Structure formats: structure tokens, C-alpha cells
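Since the structure comes first, as C-alpha cells, the remarks are kept for the end.
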Amino acid sequence: MTPPIISMRFDNPDNHRLAAYVASGGYRTLPKMFGMKPDDVIDEVKRSGLRGRGGAGFPTGMKWSFVPKSTDKPKYLCVNADEGEPGTFKDQLILKHDPHALIEGIITCCYAVGIHTAYVYVRGEYDFPIARFSAAVAEAYANGWLGKNIQGSGFDLDVVVHRGAGAYICGEETGLIESLEGKKGQPRPKPPFPAVVGVFGCPTVVNNVETLAALPWIMEHGASAYAAIGTEKSKGTMLFSISGMVERPGVYESEFGVNLWDFIETSTGGVKDGKQLKAVIPGGSSSAILTADEARAVKLDYESIAAAGSMVGSGAIMVLDEDTCVVKALEVVLRFYAHESCGQCPPCREGTYWMHEIVSRIRRGKGHVEDIDLLLSICPDMMGRTVCVLADSAAIPAASYIRKFRHEFEAYIDKANPPERRLHPGGVNLEAGAM
Amino acid sequence: MSHGSHAIASTGKPFAFSPENEKRFQELLPKYPTRRAVVLPALWLAQEQEGHLTVESMEYVAERLEQPAVTVFAVVEFYTMFKTEAVGKHHLQVCRTLTCTMRGCDDLQTMIERKLGIGAGEKTADGKFSVEMVECLGACGAAPVMRMDNRYWENLTVDKLERIIDACREGRDPASEDFDR
């Protein structure tokens, strides 16, 4: 069993204080790093195989290398702590229990890319994690780990904690950038990518909290030690937020490549109250659902989960037991995306709204037989047609829940109510009052 | 896309930052290369000062940051945490997303309706409580959860939440009590 990397200090109740972090080896690798050439730091991270832990899984070192070397503009780091994908609750643990590991990771990234200002965008609801992390930043400044000439290295870095105000879409990197600029968090078309034109029109790296918190271990133990963990393409470990109908929900760290259900069962004690497993959502509410058989057969790594038709995403695993209603689950998931659509792209704004309306109608026992295929026909029109992937994030679970649990949807539909008796046969059948 | 109704309340009285918030505002300015980037932090200061935002405080923020008022209004309208009406002394934000639904948030809402006589988006007549069903709070491992009094209340049951509400009703500080006993 691989020793924990990200969560290794979580159990020390004093670890949020600088002294405890330093006593357990924190910050000790930075002086060595300041002696390295920045490009060599980027190479080290590239060779580690570290991929972004916010959901997209993009190789971190490669992302950094897209930032132009010669520019007369300042460069920025935006730390994405807008943890909002339903099922995800791991970054708040880093902010609360190992804030200096994040700060050390921020210093590492900024030194490698030549950045002197980092904004840490934390979701507004995280009162306590914001307070804890802000206190750690203040302590780092007071002890010369942030600010001018860090530990005599000649390297300057400012870290600003920026509080969000309640909008899931600000976890999308360009939505975050717009929000940080003081605007509505409506995502931007790409290209240009943030590495070239990011916040304040300047080259910008956007990295997730957990991604950055992995850097101190990588710099201390070396890229090859990190790359030796996991599988060929999914290197290292990841924090998995496991919630839903299990005995002991929580955040558990694992190397990649283990069996998905074995990992869930060993970590959490299995399905709550001895019930049967119905399904597993492996990567946040935007990922495709896996049946119990699929969850028992698949390995937990980017490629294996993708081959099973879903994704690792932000590592948010949700477990559905035999009593969980898939129709209700989809209704709740679609309500979320309809609520959080920023509204700028019609396929998303209208698609999420109407899919939620239709599933809600089915769940209330007022669905029509053709509603199921109507839903499936809407999905492709929402995918790949919008500025960001929020619309896809609604369509993907919808299609997968319906395809794998169609019988549950059919069970809600009144088969005694044939289409010809309705007001708008063949079209979107509006209930009275649905508009 | 339904980011709440924002009926904007005018107090009729002018707004200015308190001396303490003025100091915090001055500290914010050099941290950002543009004035506009200070809109969200400045709105947080204004909201903390008065409990909610008003026409006057939003116009004040716009003026201090040299922004058209409409850009500040649009920002306020977009984000769910900015409030343009007074919420209750205890504002219950109960999570209603997937894990919390699986673990019983509907029962919490039913109990709140029964106990306080208010549904989502409503406030008690004495102004003590208001309730809002919110999307994922990012604490699914402790579902069902709610946010109230600037902190999270986790692993809720109907009974536990009732006792938290009782403590608030009786004027005790719920944060100083252990409801898992």
C-alpha cells in the first residue's frame, strides 16, 4: 500500500500552524528548488506525470510550459479552490488541515513559471477553510515564506485569498478568471487559452488546490518516485471524496490502478446498513453512472474509468444503494445544472431547464412514454455546442442514467395515457402550468 | 439559470464604509491591478456591514471603484450569496443536491416547514429565521449539511436540526453546544 502523499499530515491537529508543518519536514525542499533553474522545475513536474486534480486531468507540467517565456506582461497563478462539483469535498480538507502544503505548492509553481502574484479563489461558502488558509498565508508572510525575497532566494511572491460569492460556474477556469476580474462568472471561448490570455489579459496558470498540494512531495522525493506510483498513464495518488449510501463517507487517498469497488468497500466499510449496491457515480455528478457490476469490474484510473464510459473527474465518488431512486437522482442532478447554468449559451440554458422539467414530470407520475426518448434526443444537442462543458455535464449523466436504468424511468410512466390523448402529440408535451 | 430573486431594497439612507471596513477596503486596492477586480471583495464588506446589500451600498461600491452602477448590480444579481433583502437572524442554507438528497435533506425541509412555518425562500414573522434550499455546499461526506451563522452544520438528522433551531429560538449560541451528544 502506497503511503499517503496529500493526506499524510491531515491527522495532526496542529498542522495548520507553520511550526508543526516545518517540524514534519514542510518547506525544507524549497531552498534546494530555488537553486534549480525554473525550466528544470517544470521538467521535474512533467516527468512526475502529475495531472490536474480539478476534473480535467490535464498534465500539469505541460500546462505550465504553455505560458510564454518572453512576455513583458506580468503572469498570474489562479488557484482554483471553488470546489463545487457535487460530491467533491477534498480541497476544503487541504485548506483546513494542510494549508502550508498548498502554499509550498503555490511557491513551487510560481517559481517555475515566473509568477509573482497568486490569487486563491475559494468558494464563498467555505467560511472556516477561508479563515484557516488566510491565517496560514499571514503566518507564511510573517516568517518570510511569502512576500519579498523569500528566504533570501531573491524570489518575490504575493498570495491573495479571494472569496467567491456563490456560483458553480466559477470553478470553470475562464469563469473563475472573469469572476476574479469582478464580473459575472461567464466562461470565455477558448482559444485563447488562459496560459496566453488569462486574468487581466495576462498569461495565467489555473491549477486546482490538490494538484498544487502534491508538488512539495514531488520536489522532495523526485519525479521518478512519484511516477513509480499508480499506472502507466495515471501517476501518483489522488484524494477521493466518497459520499452517499456508504457506512463511513469521507475523503480517502489512493494510488491509481486499484479496483474501484474494493477501494470503496475497504475505505468506507461498504454500503450502509448492509444494503445492496445499485450504482456508483465515479467522478462527480457530471460523470456517467456505473452499474454495480461495472463498479466491481473497473480499475480506478483515468484510462480504465474512461474505457468504462465515465471519468475520474474530481474524484468525487457517490454510492447509490438498492433503495436510491435513479429517477429522483437524475432530477436532482439536472436541477443543479439548470440552476448553475450561467445562461449565455442557449443549448445549456434551455437544455438544462427543459431536461429538468421533463424528468421532474416523470418523477411526479405525469410523464409520457415518449419522454424517455425525448430526453435521449436532447442530449446530443447539448454536447460540444457551448462555450464550456456545463451543458455536457448535464447531458452525460442524463443519457447514462436513462440508458442503464431505463426500467426505473418506465416504471414511473403512466402507460394508460397514450400520446394521442394529449395536447401536443410528438412535441414537448407541456403540462398545464409548466411554462 | 435561476440565481434568486433580487428585489432591491432602498433604505433611503446613505451608505459609507465603517472606519474598520474603510481600512480593509484600502488594503484591498493594491492587491489587484484593476479597480473592477475589487467589486466582489468590496461587496462582501458592504454586505457584512449591513447584513444585506441596498441600492445605496451598491451605488457606493460602484462609485468608490469608478465603475458604472449597472456592472455592480449585474454582479450582485449573478451570485447567490449576495442578498438584496434582509435574511433572518439565523439564515438556514440547507443543501439539496445529490448526496444530501440521498441522506435525507427532504425530511429536514419538511421539519423546518412544520416547526417554523416557513418554506424555502421565506422568513419568520419575527425575523429570527429564514430558510434557503441551496445547491451543493461541498461537504458531502457529512451529508446532510447546512450553512448557518457563517459555519457548517454537518451530519444532520431531523432531531439534531430541531435541537439546533431550539437553541437559536431560546437565544443560546448553538456554536457553543454539542448536538451529537
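The values are calculated or read from the model by the stated rules, or taken from the named source; none is laboratory data. Nothing here was measured: the structure is a model prediction, and the numbers come from that model. Note that we place each Cβ from the backbone using ideal geometry, even for glycine, and neighbour counts take in every protein chain shown. Note: areas computed on protein heavy atoms with side chains; ligands, DNA, RNA excluded. Shrake-Rupley method; radii C 1.70, N 1.55, O 1.52, S 1.80 Å.
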Check: How much of the accessible area of the protein assembly as shown, probe 1.4 Å, is carbon plus sulfur, in whole percent?
Finding: 52 percent
Margin query: Among the listed pairs A:K46/A:K96; A:K63/A:K235; A:K90/B:K31; B:K89/B:K123; B:K89/B:K115, which have their C-alpha atoms separated by more than 20 angstrom in this model?
Written below: A:K46/A:K96; A:K90/B:K31
Next item on the list: Please report, to two decimal places, log10 I(q)/I(0) for the stretch A:241-361 at q = 0.11, 0.13, 0.17, 0.23 Å⁻¹ as given by the Debye formula with identical point scatterers on the Cα atoms and no solvent.
Entry: -0.40, -0.54, -0.85, -1.25
Margin query: Show me the trypsin sites (Lys or Arg not before Pro) within the stretch A:123-168 that DSSP assigns to loop and that have at most 12 other Cβ atoms within 10 Å of their Cβ.
Written below: A:K148
Next item on the list: Please give the average number of partner chain Cβ atoms lying within 10 Å of the Cβ of each residue in A:177-187, rounded to a whole number.
Entry: 5
Notebook entry, point to check: Is there a simple number for the mean count of other chain Cβ atoms within 10 Å of the Cβ of residues in A:158-165, and what is it?
Noted result: 5
Next item on the list: Normalising by the residue count of the stretch A:53-190, find the relative contact order in percent from Cα pairs under 8 Å and 6+ residues apart.
Entry: 23 percent
Next item on the list: Figure the gain on full extension for B:T124 and B:E50 (residue separation times 0.36 nm, minus the Cα-Cα span) and round it to one decimal in nm.
Entry: 24.7 nm
Checklist line | Shielded residues, the stretch A:202-246 - accessible-area loss of 30 Å² or more between chain alone and all protein chains, probe 1.4 Å | finding: A:G244, A:M245
Next item on the list: Please work out the average accessible area per residue across chain A, using the 1.4 Å probe convention, and give it in Å².
Entry: 36 Å²
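If packing is taken as the average count of other Cβ atoms within 10 Å, what order do A:8-20, B:152-164 fall into, highest mean first?
Highest to lowest by the protection proxy: B:152-164, A:8-20.
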Note to self: What does the structure give for A:122-130 when I average, per residue, the other chain Cβ atoms found within 10 Å of the residue Cβ?
What the structure shows: 4
Notebook entry, point to check: Under a straight-distance cross-link criterion of Cα-Cα below 19 Å, which aspartates and glutamates are reachable from A:K190, leaving out those fewer than 8 residues away in the same chain?
Noted result: A:E172, A:E173, A:E178, A:E181, A:D392
Item checked: Lys, Arg +1 and Asp, Glu -1 on Cβ, resulting dipole of the stretch A:122-240 about Cα centre, debye, nearest 20 -> 240 debye
Check: Using only Cα atoms, what is the ratio of the radius of gyration of the stretch A:192-306 to 2.2 N^0.38 Å?
Finding: 1.28
Check: How large is the dipole of chain A about the Cα centre if only Lys and Arg carry +1 and Asp and Glu carry -1, each at its Cβ, rounded to the nearest 20 debye?
Finding: 560 debye
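Let me know the charge dipole size of the stretch A:274-354 about its Cα centre in debye, to the nearest 20, where only the beta-carbon of Lys, Arg (+1) and Asp, Glu (-1) is charged.
Value, rounded to 20: 100 debye.
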Check: Considering only DSSP states other than H, G, I, E and B, which GluC sites (Glu not before Pro) in the stretch A:212-298 qualify as loop sites with at most 16 other Cβ atoms within 10 Å?
Finding: A:E232, A:E247
Checklist line | In the stretch B:79-138, the trypsin sites (Lys or Arg not before Pro) that fall in loop regions by DSSP, at most 15 other Cβ within 10 Å | finding: B:K89, B:K128
Check: With springs only between Cα atoms under 10 Å, which of A:I402, A:I106, A:I177 fluctuates most in a Gaussian network model of chain A?
Finding: A:I402
Notebook entry, point to check: Do you know the relative contact order of the stretch A:322-419, to the nearest whole percent, from alpha carbon pairs under 8 angstrom that are 6+ apart?
Noted result: 35 percent
Item checked: Alpha-carbon centroids, the stretch A:231-273 and the stretch A:145-181: separation in whole Å -> 30 Å
Notebook entry, point to check: Summing -39500 (n - 2.57) over the DSSP H runs of n ≥ 4 in chain A and dividing by its residue number, what mean residue ellipticity at 222 nm do you reach, to the nearest 500 deg cm²/dmol?
Noted result: -11500 deg cm²/dmol
Checklist line | Under 16 Å from A:K278, Cα to Cα: aspartates and glutamates that are on another chain or at least 8 residues apart | finding: A:E247, A:D262, A:E265, A:D293, A:E294, A:D321, A:E322, A:D323, A:E408
Notebook entry, point to check: How many percent of the alpha carbon pairs in the protein assembly as shown exceed a separation of 44 Å?
Noted result: 18 percent
Next item on the list: Counting only DSSP beta bridges with both residues in the stretch B:27-149, tell me the antiparallel percent, nearest 5.
Entry: 35 percent
Next item on the list: Restricting attention to chain B, give the cysteines that have no other cysteine Cβ less than 4.7 angstrom from their Cβ.
Entry: B:C136, B:C140, B:C168
Notebook entry, point to check: In Å², nearest 100, what accessible area do chains B and A bury in total when the solvent probe is 1.4 Å?
Noted result: 3900 Å²
Notebook entry, point to check: In the stretch B:124-159, what residues drop by 20 Å² or more in accessible surface going from the chain by itself to the full protein assembly, probe 1.4 Å?
Noted result: B:E135, B:C136, B:L137, B:G138, B:C140, B:G141, B:R147, B:N150, B:Y152
Notebook entry, point to check: Where is the GNM fluctuation largest for chain A (alpha-carbon springs, 10 angstrom cutoff): A:G124, A:G55, A:G274?
Noted result: A:G274
Check: For the stretch B:102-158, what is the convex hull volume of the alpha-carbon atoms per residue, in Å³?
Finding: 80 Å³
Check: Are there residues in the stretch B:31-51 whose accessible area shrinks by at least 30 Å² when all protein chains are included rather than the chain by itself, and which are they (probe 1.4 Å, ligands and nucleic acids not counted)?
Finding: B:K31, B:Y32, B:P33, B:R36, B:A37, B:L40, B:W44
Item checked: Mean ellipticity per residue at 222 nm, deg cm²/dmol - from DSSP H runs of n ≥ 4 across chain B, formula -39500 (n - 2.57) -> -11500 deg cm²/dmol
Item checked: Accessible area expressed per residue, chain B, with surrounding protein chains retained (probe 1.4 Å, Å²) -> 44 Å²
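Between A:K233 and B:K160, what's the calculated FRET efficiency when r is the beta-carbon distance and R0 is 45 Å? Round to 0.05.
0.50
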